[in-house]
Amino acid sequence: MAFVTTPATLEHAVPAMDNAEVLRIRNDFPVLDQLVNGRPLVYLDSGATSQNPLSVIEAEQEFYEQRNAAVHRGAHHLAVEATEVFEDARQAIADFIGAEYAETVWTSNATEGLNLVSYALSNAALWSARGRGDARLKELAVGPGDQIVVTEMEHHANLIPWQELAFRTGATLRYIPIDDSGALRLDLAAEILASKTKVLAFTHASNVLGTINPVKELVALGRAAEALVVLDACQSAPHLPLDVKELDVDFAVFSGHKMLAPTGIGVLYGKQDLLDVLPPFLTGGSMITTVTMERAEYLPSPQRFEAGTQRISQAVALAAAASYLTETGLARVHQWETELGQRMVAGLEALPGIRVLGPAAGQERIGLAAFDVEGVHAHDVGQFLDSRGIAVRVGHHCAQPLHRRLGLTATTRASAYLYNTTDDVDAFLEAVAGVRSYFRV
Amino acid sequence: MSLDQLYQQIILDHSKARHGSGLAGVDAPQGASTGQSHQLNPVCGDEVTLRVAVEDGRVAQISWDGAGCSISMASASVLSELGEGLTVDELHSIIGSFREVLRSRGKVHADPEILGDAAAFEGVARYAARVKCAMISWVAAEDALNQAA
């Protein structure tokens, strides 16, 4: 494939993924082996949530059967074991994204991670104004006259927390627009970022358009503006090799449930020097050093940002998911999904009355495609596909402003993962081909 | 249950030829009291703005604007056709019957004697995710009737 550069060593060591391998992979995913409306389930909604392999389900079950205890407290055997596997999981996830242990913070999901960063930044303003904490907080603090910059293609999770940060602090929210093909208008970005920008937040890969954004160029623009760079890696961390150090972002977030793990667990990566000085978001037990009736002192990262009892079994399961992906090889997964994404787009473009959002066939995109069927509402498309056992997402995909920009309110989205075959894509295309005639369009 | 039981011919027809569709340029009868309600389903973006005009205790006119799936648009069309000419109490009663069927998960059957064409939406009750699509204009009508009262 022309879209992915596979490291030479890997290319020679392991052959590319193919349908035969995917069929073996599918044996690890019990939920995929079922009939829906009398047809074999074709699951093409992994962009919303992915399915769990047995190794992940078993990791969580094993934790509850053998090690369940509160972590970081208690001197008993189970507490020690639970703490060990919990922190081993953190190290495994740090390794998975090229981060350090203390730079890897557990959250409930990516949304919470983005809220954490946005609240830490407004808390920085409060602390700084009241002479609390590190002197660096003064420069990190977001306040009136500052800018926060996002893009027009963001998921609501990477938009609304910044709207609210702007509201709390008096800062101004601006965005980098997209062109009609769904690419960011980088030519406008430098001007937008020129004025006192404190935060530049953008998605690595669009959950609607499938576009992979040029992270390095955006980071360079962010650096030139002396802004903190926040990366939404929800649609990239599960699907392609991610190295946060190489990308040189300040923060990155992703969710476990989109990468073969259970719901309720997500990850915030933050550069050590930032996490060390930023005030916490949530406060309470497990994240303190000394507490008096008047005030508290906080632990360094990662515990600084992990108030209350954590999602222990989910963290353990997430590490098992990362291990599954690493063993399969994320460069291979990315290559396979790229092939599936191209097959989807080429097939959809060949159908009358279908408008695919984002890059055209042949242009780089991740393994998903959102589209509009002329004359048929996305909900009806989804219902029709479901009657054929095909699971897709319908609606605005938590990206209303993007849909409005494209003149749409709702679209249908098919999103693939490592357990999808080309047959899945073909079954999906065949079904989509029948939609307009069914609805008499 | 087959897809055809959900998308009955009446529904597909009404989703194309929409009775009562269009608020702009449609004036309520003079002297009628009117009520208008806007309803939005944030999950899918279905939207309906519906106006009722009541004259002497009767529903003289139901007009609406909307955007959404075939179920939501057909439902507004059927409601508009069915409701005009009924007394306010009769329409309230039919809205109640419709809601009972739609929320029954398929346990309560629609009586065509009462619901007329709206009985065609019985199949929707078995699709939990679509019940709101069918209900949106009926909720708007209920709200609009209360305002017109």
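The values are calculated or read from the model by the stated rules, or taken from the named source; none is laboratory data. None of the values given here were measured: they were computed from a predicted structure. All Cβ positions, glycine included, derive from the backbone under ideal geometry; neighbour counts span all protein chains shown.
For B:Ile95, indicate whether it is away from chain A (no Cβ under 14 Å), in contact with a Lys or Arg (Cβ under 8 Å, 6 or more places away or on another chain) and not small (Gly, Ala, Ser). It is false that B:Ile95 is away from chain A (no Cβ under 14 Å), in contact with a Lys or Arg (Cβ under 8 Å, 6 or more places away or on another chain) and not small (Gly, Ala, Ser). Number of residues in segment B:29-59 that are among the small types (Gly, Ala, Ser) and crowded, with 19+ Cβ neighbours inside 10 Å equals 4.
Condition check ((1) within 14 Å of chain A (Cβ to nearest Cβ); (2) out of contact with any helix residue (DSSP H, G or I) (no Cβ under 9 Å at 6 or more places or on another chain); (3) on the phi > 0 side of the Ramachandran plot; (4) not acidic (Asp, Glu)) across all residues:
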position	(1), (2), (3), (4)
B:Gln8	yes, no, no, yes
B:Leu12	yes, no, no, yes
B:Lys16	yes, no, no, yes
B:Val54	no, no, no, yes
B:Ala67	yes, no, no, yes
B:Ser75	yes, no, no, yes
B:Glu90	no, no, no, no
B:Arg105	no, no, yes, yes
B:His109	no, no, no, yes
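Annotation: B:Asn41 fulfils all but one of (1) without any contact (Cβ under 8 Å) to a residue 24 or more places away in the chain; (2) within 14 Å of chain A (Cβ to nearest Cβ); the unmet one is (1). Only residues that are touching a residue at least 24 places away in the same chain (Cβ under 8 Å), closer than 16 Å to A:Ala399 by Cβ and either surrounded by fewer than 16 Cβ atoms within 10 Å (Cβ to Cβ) or touching a Pro at 6+ places or on another chain (Cβ under 6 Å) (or both): list them for segment A:155-179, please. Selection gives A:Pro177 alone. Note on segment A:357-380: among residues that are in a helix (DSSP H, G or I) and under 26 Å from the mean Cα position of the chain (by Cα), the one that is nearest to the other protein chains (Cβ to nearest Cβ) is A:His379. The residues on offer are A:Ala82, A:Ala48, and the sole one that is assigned to a loop (DSSP other than H, G, I, E, B), in contact with a Lys or Arg (Cβ under 9 Å, 6 or more places away or on another chain) and at pLDDT 95 or above is A:Ala48.
May I ask you to list the residues in segment A:420-439 that are under 12 Å from A:Gly347 (Cα atoms), more than 14 Å from chain B (Cβ to nearest Cβ) and not polar (S, T, N, Q)? A:Val425, A:Asp426, A:Ala427, A:Phe428, A:Leu429, A:Glu430, A:Val432, A:Ala433, listed by residue number.
Can we say B:Gln8 is modelled with pLDDT of 95 or more and surrounded by 18 or more Cβ atoms within 10 Å (Cβ to Cβ)?
Working: modelled with pLDDT of 95 or more: no; surrounded by 18 or more Cβ atoms within 10 Å (Cβ to Cβ): yes.
Answer is no for this residue.
Are any residues in segment B:1-16 touching a residue at least 40 places away in the same chain (Cβ under 8 Å) and of a type in the set (A, V, I, L, M, F, W, C), and if so, which ones? Matches in segment B:1-16: B:Met1, B:Leu6, B:Ile10, B:Ile11, B:Leu12. The set of residues in segment A:387-419 being in contact with a helix residue (DSSP H, G or I) (Cβ under 6 Å, 6 or more places away or on another chain) and either at positive phi or away from every other protein chain (no Cβ under 11 Å) (or both) consists of A:Ile390, A:Val392, A:Cys398, A:Thr412, A:Ala414, A:Ala416, A:Leu418, A:Tyr419. Of all residues in segment B:17-34, those that are within 21 Å of B:Gly57 (Cα to Cα) have Cβ atoms under 9 Å from Cβ atoms of residues that are modelled with pLDDT under 90, 6 or more apart or on another chain, in B:Gly20/B:Val26; B:Ser33/B:Ala149; B:Thr34/B:Ala28. Once segment B:77-88 is narrowed to residues that are more than 13 Å from the chain's Cα centre (by Cα) and aliphatic (A, V, I, L, M), the residue that is farthest from the other protein chains (Cβ to nearest Cβ) is B:Val88.
Quick check on A:Glu112: is it in contact (Cβ under 8 Å) with a residue 60 or more places away in the chain, of a type in the set (D, E, K, R) and touching a helix residue (DSSP H, G or I) at 6+ places or on another chain (Cβ under 7 Å)? Full working, then the answer.
Numbers: in contact (Cβ under 8 Å) with a residue 60 or more places away in the chain: yes; of a type in the set (D, E, K, R): yes; touching a helix residue (DSSP H, G or I) at 6+ places or on another chain (Cβ under 7 Å): no.
Answer is no for this residue.
Being modelled with pLDDT of 95 or more, more than 15 Å from the chain's Cα centre (by Cα), within 27 Å of A:Arg73 (Cα to Cα) and part of a helix (DSSP H, G or I) is a property that A:Ala89 has. All of (1) modelled with pLDDT of 95 or more; (2) among the aliphatic types (A, V, I, L, M); (3) part of a loop (DSSP other than H, G, I, E, B) hold for A:Leu385 with one exception: (3).
The strands (runs of 3 or more DSSP E) found wholly in segment A:276-356 and carrying at least 3 residues that are without any contact (Cβ under 8 Å) to a residue 12 or more places away in the chain occupy A:288-291. Within segment A:355-402, the residues that satisfy the criterion of being touching a Phe, Trp or Tyr at 6+ places or on another chain (Cβ under 8 Å), of a type in the set (A, V, I, L, M), farther than 18 Å from B:Tyr7 by Cβ and buried (at least 21 other Cβ atoms within 10 Å of the Cβ) are A:Val356, A:Leu357. For segment B:67-96, which residues satisfy the criterion of being surrounded by fewer than 23 Cβ atoms within 10 Å (Cβ to Cβ) and not in a helix (DSSP H, G or I)? Residues satisfying the conditions are B:Ala67, B:Glu84, B:Gly85, B:Leu86, B:Thr87. Considering segment A:105-123, and only residues there that are among the β-branched types (Val, Ile, Thr) and assigned to a helix (DSSP H, G or I), the residue that is surrounded by the most Cβ atoms within 10 Å (Cβ to Cβ) turns out to be A:Val117.
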